[in-house]
1. Using alpha carbon centroids, what distance separates segment 230-246 and segment 274-352, in Å?
2. If a/c stays under 1.5 just call it rounded; otherwise compare a/b with b/c (prolate if a/b is bigger, oblate if not). Do that for segment 203-354, with a ≥ b ≥ c from the square roots of the Cα gyration tensor eigenvalues.
3. With a 10 Å cut-off between alpha carbons and a GNM built on the chain, which of 155, 140, 66 moves the most?
4. Using 20 Å bins from zero, what percent of all Cα-Cα pairs in the chain falls into each bin?
5. Once the Cα atoms of helix 75-84 and of the chain are each reduced to a long axis, what angle between those two axes, in degrees from 0 to 90 to the nearest 10, is obtained?
6. Within 10 Å, count the other beta carbons around each residue, average over each peptide in 100-113, 392-405, and list them highest first.
7. Can you give me the P(r) profile for segment 47-159? Cα pairs, bins 5 angstrom wide beginning at 0, each as a whole percent.
8. Evaluate the relative contact order of the chain (contact order divided by residue number), counting alpha-carbon pairs under 8 angstrom at least 6 apart; express in whole percent.
Amino acid sequence: MSREIKYDFDVIVVGGGASGMMAAGFAASSGKKVLLLEKNRELAQKVKMTGGGRCNITNAEYDNHVLLKNYGGAEQFLYSPFSQFGVKDTFTFFEKLGLPLVVQARKRAFPHTEKAIDVIKALEKFMHDGGVNIKNNSTVLKVLKESGKITGIKVGSKIYTARSYILSTGGISRTADGFSGDGFNWLRDLGHKVKAPTPTIVPLAVKDSWIKSMPGVSLSFMKITFYLDGVKKFSKTGKVLFTHFGLSGPLILNSSTQVAELLRAGIVTAKIDAYPDTNEAELEKRIIKTFDENKNKLFKNVLDDIVPHGTVDAIISLLKNIDPNTKIHSVTKENRKQIVILLKALPVSITGLMGFDRAVIADGGVELEEVDMKTMRSKLYENLYITGDLLHINRPSGGFSLQLCWTTGYIAGKNA
């Protein structure tokens with residue numbers, strides 16, 4: 001069967017996200033003739049969204065034994081790749097590209113400019129300097145194979161060929177933004193065992209109207225405790241983002257995998273402690289002091305001084321026994337105690353997890369037993385390499401996903 005056009009490269013990378021750009025750049029820096037195929041109009045669209053647009057590049061944990069505990073069952077497979085390109089290498093790499101990193105709370109590392117677009121520009125320059133041939137708007141229709149080797153990539157009526165191929169298309173998360181997980185289907189067609197993905201780092205859907213009434217409100221230091229059928233299961237402290245559908249933010253996202261397990265077992269509820277570093281007695285003293293200073297004001301006008309900013313209307317809706325137009329001097333001791341109890345245990349009824357459309361990270365992908373993790377080469381095809389989110393690896397938010405991309409992209413690029 002004749003081919004209309006034949007393009008010969010040393011390496012073809014499919015997918016222009018974090019691991020794909022890394023792989024293409026390092027393959028080119030090794031002297032290879034490289035083609036990068038990206039189906040979207042722009043490269044690295046998912047990178048642009050990470051860290052709220054600031055790009056959480058990595059997590060500044062330099063001890064691999066500590067770092068790799070965050071990758072669950074994949075830990076044992078990751079010592080070899082992370083010994084080749086780890087967190088320190090990420091810092092050095094971006095610094096050499098003129099983009100030093102800064103470390104913030106929870107060891108999260110960001111570009112010093114705190115702009116994801118600067119990360120993308122640095123990687124684009126890295127590829128440009130190596131002579132990578134980039135083709136955007138190139139939707140791959142099929143990965144061709146023959147006799148244990150990949151023989152070509154079909155894009156429209158064209159078939160691009162190379163000695164080695166790197167699949168870096170990413171997983172199934174943020175489907176609302178056009179990320180479809182095509183790579184999973186190609187890998188299944190090639191005979192790889194691909195675990196079906198599930199949203200793992202994902203917001204929670206709730207039925208509470210008080211939460212949905214304040215979309216966009218973000219509170220930086222909250223404690224949330226989760227219950228299964230009324231029995232306490234676990235607590236976490238951190239930042240919570242309230243949305244029109246429920247709860248998000250780092251604290252929620254990093255609890256979602258455990259919540260998913262609870263939801264399979266029964267009814268899940270939660271309580272949010274708005275003042276986790278203050279006990280009930282101290283909180284009541286603080287409220288009494290504020291009330292004493294504002295005795296003739298209306299309750300609704302003083303509430304902003306004792307509840308988290310942006311939550312006044314929601315709190316009023318939950319304090320059903322207190323008229324918001326009551327003068328402070330008429331608020332009873334029982335009312336005060338009701339306020340304290342509420343602020344230490346705001347009620348949440350969780351109905352489920354949001355889907356792939358809102359997932360920041362989804363698991364699933366090729367089982368690691370089918371990949372030589374020292375090189376990222378497929379054990380089924382001698383000239384196929386697999387990177388990033390196409391590998392079945394669980395991890396929390398906080399820079400761990402992008403570090404996985406930098407590591408696996410580097411190794412695939414160097415070995416392809």
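FYI, it's all coordinate maths here, none of it is from the lab. Predicted model, so just to flag it, every value in this text is computed and none were measured. Heads up, the Cβs are rebuilt from the backbone with ideal geometry, glycines too, and the neighbour counts pull from every protein chain shown.
1. So the two Cα centres are separated by 20 Å.
2. Details: a/c = 2.20, a/b = 1.98, b/c = 1.11.
Taking the square roots of the gyration eigenvalues as a ≥ b ≥ c, segment 203-354 is prolate.
3. Residue with maximal mean-square fluctuation among 155, 140, 66: 66.
4. Percent of Cα pairs in each bin: 25, 46, 22, 6, 0.
5. With both axes taken from Cα atoms, the answer is about 60 degrees.
6. Numbers: 100-113: 16.4, 392-405: 23.9.
Going from most to least packed, we get 392-405, 100-113.
7. The calculated distribution, bin by bin, is 2, 10, 14, 15, 14, 16, 14, 10, 4, 1, 0.
8. That works out to 25 percent.
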